[in-house]
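The values are calculated or read from the model by the stated rules, or taken from the named source; none is laboratory data. Every value quoted in this text rests on a predicted model; they were computed, and no experiment measured them. Because the Cβ atoms are built from the backbone with ideal geometry, glycine has one as well, and the counts that use them run over all protein chains shown. All accessible areas refer to the heavy atoms of the entire protein, side chains included, with ligands and DNA or RNA removed. Shrake-Rupley method; radii C 1.70, N 1.55, O 1.52, S 1.80 Å.
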Amino acid sequence: MKTISLFTRLVLCLSVVLTAGSLSAAEFESIFDGKSLKGWKALEMSYWSVRDGAITGQSTPENPCTANQFMVWQGGDVADFELKLKFRVEGNGGNSGVQFRSVLKPNGLAVGYQADIYQSGPYLGGVCDEMHNRKGHELLTANGTKTVIDAAGKRTVTNLDAKATMKPQGEWNDYHITAKGQHIILRINGVKCSELIDQEKGHFDLKGFLGLQLRAGKPMTVQFKDIYLKQL
């Protein structure tokens, strides 16, 4: 029987580890190149640019945002997926969000789920139903809670172990969104901050576009970078 030297064994083991690591990392696809808006499009592009290696949405007194704007990924609809990105926001109450499994109306407004961004409180890290027409509050599940919505629309809310908080202004925050069927989990800065099981007949969304929001209102700047998507 041919023996294998200790050195050869170590090389083989290292090769296996590196290969496994590469396969794991490859499950997430970078969908923003950090340099251009290639693969992304908005109805009104004057609000959007690339700055600091990030997709940047900005409204100013000279170019006010009077209706919510969305920078939409052009890679097709998302259904079951995981998304990881970094964000930071200044102005307008820190109000923004990540739109997913949504439909874009001809006027540029979005209908569907939003992983909310806000300076603090229940909206931060909550799941909203943007432009909703169902009964009940647009905030389907708030920061620090799990909500189960049954087929008739009844909501049962329980508390999670923690709530999301924003880092000091100017620092980057991490958002991690997981959607599998009717089950959605949001994490901000490593904290599981909201969970939604949405079974409401005629209202839950299973696929749609992925986009980044610039909120209407006072002047603001919102930035998104290191955007990685894994289709499940």
With the checklist (1) surrounded by fewer than 16 Cβ atoms within 10 Å (Cβ to Cβ); (2) within 21 Å of L85 (Cβ to Cβ) in hand, flag the one item A151 doesn't pass. (2)
Could you tell me how many of the residues in segment 85-112 are in a strand (DSSP E or B) and in contact with a Pro (Cβ under 9 Å, 6 or more places away or on another chain)? 0
Positions within segment 189-232 being in contact with a helix residue (DSSP H, G or I) (Cβ under 6 Å, 6 or more places away or on another chain) and either open to solvent by less than 10 Å² (accessible area, probe 1.4 Å) or assigned to a strand (DSSP E or B) (or both), in sequence order: L214, G217, M220
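Can you find even one residue in segment 169-187 that is surrounded by 15 or more Cβ atoms within 10 Å (Cβ to Cβ), touching a helix residue (DSSP H, G or I) at 6+ places or on another chain (Cβ under 8 Å) and within 30 Å of R51 (Cα to Cα)? Walk me through how you get there before you give the answer.
Narrowing segment 169-187 to residues surrounded by 15 or more Cβ atoms within 10 Å (Cβ to Cβ): 172-179, 182, 184-187.
From what's left, touching a helix residue (DSSP H, G or I) at 6+ places or on another chain (Cβ under 8 Å): none.
The answer is no, given that none of the residues of segment 169-187 is surrounded by 15 or more Cβ atoms within 10 Å (Cβ to Cβ), touching a helix residue (DSSP H, G or I) at 6+ places or on another chain (Cβ under 8 Å) and within 30 Å of R51 (Cα to Cα).
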The one condition E200 fails out of (1) in contact (Cβ under 8 Å) with a residue 24 or more places away in the chain; (2) closer than 30 Å to E90 by Cα is (2)
I'd like to verify a number: residues in segment 29-43 that are outside any strand (DSSP E or B) and of a type outside the set (S, T, Y), how many? 9
Looking at segment 86-102, is at least one residue open to solvent by less than 10 Å² (accessible area, probe 1.4 Å), closer than 17 Å to Q223 by Cα and among the hydroxyl-bearing types (S, T, Y)? yes
Of the conditions (1) modelled with pLDDT under 95; (2) over 24 Å from K230 (Cβ atoms); (3) not basic (K, R), E130 satisfies every one except a single condition; which number is it? (2)
Give segment 154-186 a look and list any residue that's without any contact (Cβ under 8 Å) to a residue 60 or more places away in the chain, under 27 Å from G208 (Cα atoms) and in a strand (DSSP E or B), or say none. R155, T156, V157, H183, I185
Counting only residues that are assigned to a loop (DSSP other than H, G, I, E, B) and of a type in the set (S, T, N, Q), which one in segment 118-142 is least open to solvent (accessible area, probe 1.4 Å)? S120
Listed by first then second residue, the pairs whose first member lies in segment 214-230 and is touching a residue at least 24 places away in the same chain (Cβ under 8 Å), whose partner is surrounded by fewer than 16 Cβ atoms within 10 Å (Cβ to Cβ) and β-branched (V, I, T), with beta carbons under 7 Å and at least 6 positions apart or on separate chains, are A216/T66; P219/T60
Does G53 satisfy being of a type outside the set (V, I, T) and at pLDDT 95 or above? yes
With respect to the numbered conditions (1) free of Cβ contacts under 8 Å to residues at least 40 places away in the same chain; (2) open to solvent by less than 60 Å² (accessible area, probe 1.4 Å); (3) within 14 Å of the chain's Cα centre (by Cα), which one is the sole condition not fulfilled by V111? (3)
Kindly list the number of the only condition in (1) at pLDDT below 95; (2) crowded, with 16+ Cβ neighbours inside 10 Å that fails for E27. (2)
